[in-house]
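Inspection log for the structure reproduced underneath, given as structure tokens.
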Amino acid sequence: MANKIHVKKGDLVMVITGKSSGKKGKVLEVIPKDNKVVVEGANIVKRHTRPTQKMPQGGIIEKEAPMNSSNVMIFCSKCNAPRRINKDTSGNKKVRVCNKCGEVFDK
């Protein structure tokens with residue numbers, strides 16, 4: 001059973017715990033089955049890769065690893081801070097809004 005995650009692909013988030021604490025980045029991938037997200041520029045790990053046709057060089061590459069979705073918060077550009085979100089109805093559609101200033105995250 002897939003879990004409901006509070007962030008979506010493309011959201012601007014801030015990492016609030018862990019080794020990448022304080023970094024801002026865009027959500028590249030959401031993995032609801034494992035309750036994890038991949039954030040651009042955060043949780044960088046080194047992987048030893050063997051040469052392939054795609055990467056004939058091989059070697060050690062750095063890439064973003066998945067982290068638990070509870071370690072990130074949506075970053076409100078209006079408040080300029082990470083914020084909790086509320087769900088609000090706009091017409092027939094449910095949208096996510098900033099808890100503090102009311103900015104809509106779903107355009």
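Throughout, read-outs are computed from the coordinates displayed, never taken from laboratory work. All of these numbers come straight from a predicted model, not from anything done at the bench. Positions of Cβ are backbone-derived with ideal geometry, glycine not excepted, and every protein chain shown enters the neighbour counts.
Quick notes on this structure:
- Filtered residues of segment 1-12 (kept if of a type in the set (A, V, I, L, M, F, W, C), in contact (Cβ under 8 Å) with a residue 60 or more places away in the chain and not in a strand (DSSP E or B)): Ile5, Val7
- Where a residue in segment 67-96 is closer than 16 Å to Gly10 by Cβ and its partner, wherever it lies, is among the aromatic types (Phe, Trp, Tyr), with Cβ under 9 Å and at least six apart: Ile74/Phe105; Cys76/Phe105; Ile85/Phe105; Val95/Phe105; Arg96/Phe105
- Pick from segment 40-58, criterion on the phi > 0 side of the Ramachandran plot and among the small types (Gly, Ala, Ser), ranking: surrounded by the fewest Cβ atoms within 10 Å (Cβ to Cβ): Gly58
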